[in-house]
Amino acid sequence: MSEPITESSEQLLKIKEPVTEQDLKNTVFNSNIEVGIYRSKELVVINGTENEIGMTADKTKESSFTYHSHIPNHEFTQIADSPSFSDIFSMGILPNKNHFIGHQEGITQFRFPDDEDQKDLVIGFLRKKGIGFSYSRGVRNGDLTDIDKIPLETQFVLQREFSDTSGIVVKRTPWEDKKGIQQILDLINS
Ligand SMILES: [Zn+2]
C-alpha cells in the first residue's frame, strides 16, 4: 500500500490505496476545494480551488480514469452534478475514458465520444441560447452574452442540459447505491 503522489504540500485529504467510498465522500463533503484523483503509475491526488481543478489531458493521459469533486455551495439550490464547460474544455480530448464527478447526491460518470469535438458542441449549444463562451478559441462573442456574466447556478442548469442531451453522461449513481459506488471504486482501484 503506497502513499499517493500529491502535487501540493497543502494536501488536505489523506487518500491511500485502495480508494474507499469515504475517501470519495470526503472530497465532496469534507473539503473546501475541488480534489482530483487519477493514476499515473501510482495514484495521484491533486488540489484545485473552490470551482476549478487542474485536471488536463496531458496530465491524465496515462490514467484509465479521472475523478474530481464538485463541492456543495449551500447558497445554491442547484447541484453541480454535471461536467462544467471548463471540465469539457480541459478534458475533452480524452476519448473512451471513465470520467467521474463526485457531488452532493452521488457520482456522475461521463465519457467523450471520440468522433465529435466536444468544444464545438458546447460552443454551438450555448450560441443557440445567446451565450458566448470565452474559451472559444478566438471566436468573437458579438451580440452573445459572455458565459462569465451568467449566474453560476444557471450555468449548472445549462451544464446538466448539455450533458444529458449530448449523451456524454453515462450514469448518475446516488451515494445510497452501494453496488453502483463499488463498481466505480473497482474501476478507480484497478
Ligand atoms: Zn468539474
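The values are calculated or read from the model by the stated rules, or taken from the named source; none is laboratory data. Only a predicted model underlies this, so the values are computations on that prediction, with no experimental measurement involved. Glycine also receives a Cβ, built like all others from the backbone with ideal geometry; neighbour counts cover every protein chain displayed.
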Original post:
Within the stretch 153-171, is even one residue under 22 Å from THR56 (Cβ atoms), in contact with a strand residue (DSSP E or B) (Cβ under 8 Å, 6 or more places away or on another chain), surrounded by fewer than 18 Cβ atoms within 10 Å (Cβ to Cβ) and at pLDDT 90 or above?
Top reply: yes
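Do we have any residue at all in the stretch 118-131 that's aromatic (Phe, Trp, Tyr), within 16 Å of LEU187 (Cα to Cα) and more than 10 Å from the chain's Cα centre (by Cα)?
At the first step, the residues of the stretch 118-131 found to be aromatic (Phe, Trp, Tyr) are 125.
Right, trim to within 16 Å of LEU187 (Cα to Cα) and you get none.
No, every residue in the stretch 118-131 fails to be aromatic (Phe, Trp, Tyr), within 16 Å of LEU187 (Cα to Cα) and more than 10 Å from the chain's Cα centre (by Cα).
Give the residue that is nearest to the ligand (Cβ to nearest atom), with candidates limited to residues of the stretch 31-59 that are among the β-branched types (Val, Ile, Thr) and crowded, with 23+ Cβ neighbours inside 10 Å.
Initially, the stretch 31-59 is screened for residues among the β-branched types (Val, Ile, Thr), giving 33, 35, 37, 44-46, 49, 53, 56.
Going one step further and asking which of them are crowded, with 23+ Cβ neighbours inside 10 Å, we end up with 35, 37, 45, 53.
Values: VAL35: 11, ILE37: 13, VAL45: 16, ILE53: 6 Å.
Among those that are among the β-branched types (Val, Ile, Thr) and crowded, with 23+ Cβ neighbours inside 10 Å, it is ILE53.
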